[in-house]
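Asker: The structure's right below; bear with me while I get my questions together.
The values are calculated or read from the model by the stated rules, or taken from the named source; none is laboratory data. Fair warning: this is a prediction, and the values are worked out from it, not measured in the lab. Every residue, glycine among them, receives a Cβ derived from its backbone with ideal geometry; neighbour counts consider all protein chains shown. Surface areas here come from the heavy atoms of the whole protein model, side chains and all, with no ligands, DNA or RNA. Shrake-Rupley method; radii C 1.70, N 1.55, O 1.52, S 1.80 Å.
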Amino acid sequence: MDSSSRPRRQRARRSRRRALVPLALCLAATGCGTAAGAMYMTSWAHPRTAETVSSSASRATGGEEAAVESVTEAAVDRDALLAAAMGSVDVADGAEVSVAVLDPDSGESASYGGGAFDTASIVKVDVLAALLLQAQDAGRTLTAEERTYAAAMIENSDNDSTSALWRVIGTADGLDAANERFGLTGTAGGDGPLWGLTRTTAVDQIALLRQVFDAEGSELDEASRAYVRELMERIAVGQRWGVSAAADGAEWALKNGWLRRSTTGLWVINSIGRVTAGGHGYLVAVLSRGSATREEGVALTEAAARAAVSVFTGDTAGDPAGAQASS
């Protein structure tokens, strides 16, 4: 080795060391506690370590992207599932149906069909909820007479009792005022004494059921909610059809409505309530019109209720446990 080249190599090493000092000072002064600065300094001193850090960061980023993709893929379009399930429901020519379902625990819901329908007797749940809300506001409990009317109205669908309570709540004005507080935006009370011609939507009926079955956000106190639930669980034997067909056991609470329109001779058949399937509770509302017979309308509401619950359970072959299609 040429001895004269040794001083030149030593001077070159000293020059590189001097160059590192300003760089280190610069990094410190400009906040090079940053990852870029740290990695730069690390890579200078330990190239393999830098490669490891970079590789790890890349893998972490890839993992986050995979997680995001996984969440995106896991998102379920419940409306699309319900539309597909309703494709197998037999809807007669000229008939219409609208259905909505909610899982109160997860907050997930699905709906199919739209527009407003005549309520027929499902409005009786709304009438009782309005009565209870007014009583709460007045700081009183229901009178013995009101409780007698309420029980007959819900359990037996007694029309005279409903007319009596319709007057107590202030007819359509009283119902509409209560519904504004309940969050029903597409429901309007029937004219004069015609409570059965109140107009509503399936989505609004789910909002009403939430007032009864879900404490969170309800205008009704626990005693009022429990009272409505109790009556809906004691429906007369001949009226245990409709959404109860979607239950896989005896746990259900419901109210049905049926009305043959004199102008057309066709039937309005509705059903609302809570059912338990697979150990889980669901709120379901089915509205229909245009069925040629009562039996045809009942079959339609039951098939639609099963389709709605299948959106969450995946079971479209559930047997209508405890349901009866005639009264």
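Asker: Check off (1) without any contact (Cβ under 8 Å) to a residue 12 or more places away in the chain; (2) crowded, with 21+ Cβ neighbours inside 10 Å for residue 218 and give me the number that stays unchecked.
Answerer: (2)
Asker: Also, quick follow-up: Looking only at the range 197-248, how many residues end up being small (Gly, Ala, Ser) and in contact with a Ser or Thr (Cβ under 7 Å, 6 or more places away or on another chain)?
Answerer: 4
Asker: Out of (1) part of a helix (DSSP H, G or I); (2) touching a helix residue (DSSP H, G or I) at 6+ places or on another chain (Cβ under 9 Å); (3) among the aliphatic types (A, V, I, L, M), the odd one out for residue 254 is which?
Answerer: All conditions pass for residue 254, except number (1).
Asker: For the range 201-215, which positions are crowded, with 21+ Cβ neighbours inside 10 Å and of a type in the set (Gly, Ala, Ser)?
Answerer: Within the range 201-215, 202, 207 qualify.
Asker: Considering only the range 156-177, I want to know if a residue exists there that is open to solvent by 20 Å² or more (accessible area, probe 1.4 Å) and at positive phi.
Answerer: For the range 156-177, residues open to solvent by 20 Å² or more (accessible area, probe 1.4 Å) and at positive phi: present.
Asker: Separate question: Any idea how many residues of the range 98-117 are within 23 Å of residue 267 (Cα to Cα) and either open to solvent by 20 Å² or more (accessible area, probe 1.4 Å) or free of Cβ contacts under 8 Å to residues at least 40 places away in the same chain (or both)?
Answerer: Within the range 98-117, residues that are within 23 Å of residue 267 (Cα to Cα) and either open to solvent by 20 Å² or more (accessible area, probe 1.4 Å) or free of Cβ contacts under 8 Å to residues at least 40 places away in the same chain (or both) number 6.
Asker: If you take the residues in the range 302-324 that are open to solvent by 50 Å² or more (accessible area, probe 1.4 Å) and small (Gly, Ala, Ser), which one is modelled with the lowest pLDDT? Even if it seems obvious, please write down each step before you answer.
Answerer: Taking the range 302-324 as the starting set, the residues that turn out to be open to solvent by 50 Å² or more (accessible area, probe 1.4 Å) are 306, 313-317, 319, 322, 324.
After this cut, where a residue has to be small (Gly, Ala, Ser) as well, the list is 314, 317, 322.
Values: 314: 87, 317: 42, 322: 38.
Going through the qualifying residues, I end up with 322.
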